[in-house]
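The structure under discussion appears below in the form of structure tokens.
The values are calculated or read from the model by the stated rules, or taken from the named source; none is laboratory data. Everything numeric here is computed off the predicted structure, so don't read it as measured data. Cβ: placed from backbone, ideal geometry, glycine included. Neighbour counts: every protein chain shown.
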Amino acid sequence: MSAKAVLTLGRDGVGDDEGGFEGWVSWVTSDIDERVGFEVEVDSRAPRDVQSDAIAVLSGDREVVEQTIRDALTRLWDEWCQGDAP
């Protein structure tokens, strides 16, 4: 798939531990491209920002790209919560 997107991660559900959030962002950053099969730039929200995740599609079919990223993010989150993340 020829696509490109920016994924902005928020702290919702991660808790107040800044180190935990940074670990989550780092893990997603290192793994998301391989999971979705295209380039995803990962950014994070500042502590006082709205904390929900956001996806900005830069190229490709918007709906397909968004769903592909959401599916991968769900799998990554499940693995993170199970302690499977490094």
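Would it be correct to say that I55 is touching a Leu at 6+ places or on another chain (Cβ under 7 Å), among the β-branched types (V, I, T) and in contact (Cβ under 8 Å) with a residue 60 or more places away in the chain? No. Scanning the range 9-26 for residues that are under 17 Å from I55 (Cα atoms) and surrounded by 15 or more Cβ atoms within 10 Å (Cβ to Cβ), we see that the one that is modelled with the lowest pLDDT is R11.
Against the condition free of Cβ contacts under 8 Å to residues at least 40 places away in the same chain, within 17 Å of G83 (Cα to Cα) and of a type in the set (G, A, S), how does S44 come out, does it pass? For S44, the condition - free of Cβ contacts under 8 Å to residues at least 40 places away in the same chain, within 17 Å of G83 (Cα to Cα) and of a type in the set (G, A, S) - is not met. From the list D12, D71, the one residue that fits, being among the acidic types (D, E), out of contact with any Phe, Trp or Tyr (no Cβ under 6 Å at 6 or more places or on another chain) and outside any helix (DSSP H, G or I), is D12.
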